Each structure stands twice: as structure tokens, then as C-alpha cells.
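Single-structure report; data block below.
Each value in this text was obtained by applying a stated rule to the coordinates, not by laboratory testing. These numbers were taken from a predicted model, which means no experiment stands behind them. Neighbour counts are summed over all protein chains in view; Cβ atoms, including those assigned to glycine, are modelled from backbone coordinates with ideal geometry.
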Amino acid sequence: MTTHNLSKITGEHLARKAIVYLRQSSLSQVKNNIENQKLQYALAGRASDLGFKQVDIIDKDLGASAASGARLRPGFQELLARVALGDIGIILSRELSRLFRTDKDWCHLMEVCQIFNKTQ
């Protein structure tokens with residue numbers, strides 16, 4: 001990460017928790033793609049390297065499809081709730097597609113971030 005990018009992480013961010021969000025969309029991926037899972041869990045170390053003292057992992061959505069009509073993703077719902085509480089300084093996910101399966105998910109999270117941003 002460049003110095004310029006590091007300057008975007010403030011003390012206020014670091015005082016909050018880092019969240020690592022993990023997801024694989026099928027049980028087959030969970031069973032057969034262990035390397036991807038390890039890479040996702042390794043993001044906790046990256047958060048620590050960036051200076052976050054508290055790092056939580058949300059992995060409740062491993063094996064949960066986000067296809068239209070699929071069940072709700074409890075991990076994503078937890079992520080939204082925790083952002084709304086104002087205790088999240090950064091969200092890490094290996095691929096954005098793991099976090100946001102639809103434009104609606106992306107817009108919902110961005111809206112929650114804007115509404116509940118406690119640093120402004």
C-alpha cells in the first residue's frame with residue numbers, strides 16, 4: 001500500500017474494528033477451494049499490518065448463495081448492523097464480488113455508511 005493510501009486511514013478508523021468478510025457461494029466451493037478460504041482469512045493479518053488492534057472475521061456466509069431468491073446472508077446482515085452501530089473502521093474482503101452480489105447490496109451498504117458515519 002502506498003503512503004498516499006495509508007494517509008486515508010486515520011486514528012478514528014484505527015480506533016474502530018476491522019472486519020474481514022468471507023463468503024463462498026456454494027458448499028462445494030467451501031469444501032474444494034480451501035486455498036481461496038485461506039487467502040480470505042489472511043486478510044486479518046493485513047488489517048493488523050495496517051494498524052488495527054481489533055480485527056473480527058465474519059464467515060457466517062460461507063456456502064451461502066446470494067442468487068435472486070436465495071436465503072438472506074446472515075453475515076452480510078451482521079455487517080450492515082455493525083456499520084450502523086459505528087464500530088467499523090475498515091471492511092476487508094478478498095473480492096468485492098464476495099461482499100456485493102448485487103447493486104442493491106452495494107447501495108445498501110454505502111447508504112448505511114453515509115447515514116451512520118460517526119466521524120463527520
- Query: In nm, to one decimal, how far is the modelled label at D105 from the one at A42, with both set 7 Å along Cα→Cβ?
  - Reply: 2.3
- Message: Explain nothing, just compute: Karplus ³J(HN,Hα) = 6.51 cos²θ - 1.76 cosθ + 1.60, θ = phi - 60°, for every residue of region 32-47 in order, whole Hz, x for Gly and Pro.
- Response: 9, 10, 5, 4, 4, 4, 4, 5, 5, 5, 5, 4, 4, x, 5, 4
- Task: Evaluate E = 1/(1 + (r/R0)^6) for Q77 and S7, where r is the Cβ-Cβ distance and R0 equals 41 Å; express this FRET efficiency to the nearest 0.05.
- Result: 0.80
